[in-house]
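The values are calculated or read from the model by the stated rules, or taken from the named source; none is laboratory data. This one's a predicted model, so the numbers in the text were calculated from it and none came from an experiment. Don't worry about glycine lacking a Cβ; one is built from the backbone with ideal geometry, like all the others, and counts go over all protein chains shown. For the accessible areas, the whole protein counts, side chains as well, though only heavy atoms, and no ligand, DNA or RNA atoms are used. Shrake-Rupley method; radii C 1.70, N 1.55, O 1.52, S 1.80 Å.
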Amino acid sequence: MTRSEKYYGPDFNALERQDPEIASVVLSELERQRHDIQLIASENFTSSAVLATMGSVLSNKYAEGYPGKRYYGGCEEVDKVEVIGIQRAKELFGAEHANLQPHSGASANVAVYQAFTKPGDTVLAMSLPHGGHLTHGSKVNFSGKWFNVVSYGVRQDNELIDYDQLRDLAIEHKPKMICSGATAYPSLIDFEKVRQICDEVGAIMWVDAAHFIGLVAGKAIPSPVPYADVVSFTTHKVLRGPRGGMILSKEKHAAAIDKAVFPGMQGGPIMSAVAGKAVVLKECATAAYQSYAKKVIENCQTLASELQNEGMRAVSGGTQTHLALIDIRSTGVNGKVADERCGKSGISLNKNSIPFDPESPAVTSGIRVGTAATTTQGMGKDEMKLIAGLIARAIKDGDDGNKAQAIRSEIHQLTKKFPVYQEPSI
Ligand code: DSN
């Protein structure tokens, strides 16, 4: 008997028989992912190997604690997965310590706050309207409710992080921790400069690398790991792994991080996801992944410059990463409407505030586009040019059902040439 004959894995027929309603949603979503264009900057197509771990029997196992120190019996097998994953994470990122248990990026961030601060402490983080994340101090998030979060932002003239403001605020407020990282910042962050500021005021340096860690893993951009006390991130964006979070830190913080994750913030880890993280960390160590990461950036640069050729404006003049923020005011259409029109035309992207946006976050003057998923599909410069033209047409004409349908047909012609999760040929 071969290993795959011994294996018991996801059986779509069983789902179909037992719950056709949910089975049909799964199928429709597969169709949507196959046929539309996926430009959400935080999404990707994970590998079949990662998907196999996610649907595996590892999901059944409770494993509160850490390898060799669990609160449940029967953890011998899942211990192996977590030990391998931790080792791979430390090697890939050159990190002294790794924790693979956080269920998501937001939960990883809860653990970081818990490891280094107490409620009421001051933390300095990127302003949300300038690209920061909910967990960087939004008033509707635990971070803004329980901590005194002071925000820094970008300069109005070049839309790049204002490091002078960051330093001034750090000296004035003496934060316990300074967070760098964002969800809608297309440029690189100067980690050396942030480290200097942290040292000057005695703050913990926390990098929320959720968006760009995949580019770091692929050696396409500089790493925050040598500089930061702690680096948190999600594993499903450019990194292309399972949904989940991860934390890297210096060894001196290892105990505090591990305690903050469990029992501080979570109970049992999702061991199927931990296994998926281990699998993706092996994938990321390959030359093929490194060339993918470089290509993601090249594609995004082409997409941003082609959108500029279509009369829109790339915030900060372009991008150095996997995402671009596009000011679409020249089209006369706001971000909310553009998002809806693109959606009707088979293009998934999101409305996004631009720095100093006169519109509310529910409306916005911009869109955010990312190239992690299309690059996984194998698309290149020519396709980015085509997509920019289709986005421009969708923004202009996407409220007209016939025109939106025509754009959607062109999108489907394009995606047919770059299949994902390939349909069996019958
Ligand atoms: N929701 C993610 C994003 O789209 O950027 C951030 O957590």
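Give the lysines whose C-alpha is closer than 21 Å to that of LYS139, dropping any in the same chain fewer than 8 places away, or say none.
The qualifying lysines are LYS118, LYS174, LYS176, LYS351.
Using the beta-carbon distance between THR286 and ALA52 and R0 = 22 Å, what value does 1/(1 + (r/R0)^6) give for FRET efficiency, to the nearest 0.05?
The calculated FRET efficiency here is 0.75.
Kindly provide the pair-distance distribution of the chain built from C-alpha pairs, with 20 Å bins from 0 and whole-percent values in order of increasing distance.
In whole percents, the pair-distance histogram is 26, 56, 18, 0.
If you take the charge dipole of the range 287-329 about its Cα centre, with +1 on Lys and Arg Cβ and -1 on Asp and Glu Cβ, which of TYR292, THR319, LEU307 is farthest toward its positive end?
TYR292
Extension gain LEU30-HIS412, at 0.36 nm per residue separation less the Cα-Cα distance, in nm?
Length difference between fully extended and current span is 136.1 nm.
Report the one residue of SER24, ASN99, PRO186 whose Cα lies farthest in the direction of the positive end of the charge dipole of the chain (charges on C-beta: Lys and Arg +1, Asp and Glu -1; origin at the Cα centre).
My answer, from the dipole projection, is ASN99.
Would you calculate the separation in nanometres between label points at LYS118 and ASN402, each defined as 7 Å from the Cα along the Cα-to-beta-carbon direction?
It is 6.9 nm.
For a quick check: with amide H placed at 1.01 Å from N, whose amide H comes under 5 Å from SER180's, ignoring anything fewer than 5 positions away on the same chain?
TRP206, VAL207, ASP208
Along the Cα-to-Cβ line of TYR72, 7 Å from the Cα, sits a label point; which residues in the range 235-274 have backbone N less than 18 Å from it?
Label zone hits: 261-274.
Percent relative contact order of the range 45-188, based on C-alpha pairs within less than 8 angstrom and at least six residues apart?
Once divided by the residue count of the range 45-188, the mean separation gives 17 percent.
How much length would be gained if the chain were fully extended between GLN422 and MET1, taking 0.36 nm per residue of separation minus their Cα-Cα distance, in nm to one decimal?
148.8 nm
Would you look at the GNM of the chain, springs on alpha carbons closer than 10 Å, and say which of GLU283, GLU77, GLU91 moves the most?
Evaluated over the chain, the most mobile residue of the options is GLU77.
Report LYS250's accessible area, 1.4 Å probe, all protein chains in place, as a number in Å² to the nearest 10.
Only protein atoms counted, so the area is about 50 Å².
Hey, what do the phi angles of the range 386-403 turn into as Karplus ³J(HN,Hα) couplings, whole Hz, using 6.51/-1.76/1.60 and θ = phi - 60°, x for Gly and Pro?
Result, rounded to whole Hz: 4, 5, 4, x, 5, 4, 4, 5, 5, 5, 6, 10, x, 7, 8, x, 5, 5.
I need the peptides 20-31, 47-58, 385-396 ranked by packing, meaning the mean over residues of other C-beta atoms within 10 angstrom, with the highest value on top.
Sorting 20-31, 47-58, 385-396 by mean packing, highest first, produces 385-396, 47-58, 20-31.
Run the reach check for LYS277 against lysines, Cα to Cα strictly under 22 Å, same-chain hits fewer than 8 apart removed. What comes back?
LYS61, LYS69, LYS80, LYS90, LYS219, LYS237, LYS250, LYS259, LYS294
From the phi angles alone, apply the Karplus equation (6.51, -1.76, 1.60; θ = phi - 60°) to the range 85-98 and give each ³J(HN,Hα) in whole Hz, x where the residue is Gly or Pro.
My calculation for the range 85-98 gives x, 4, 4, 5, 5, 5, 5, 4, 9, x, 9, 7, 8, 9 Hz in order.
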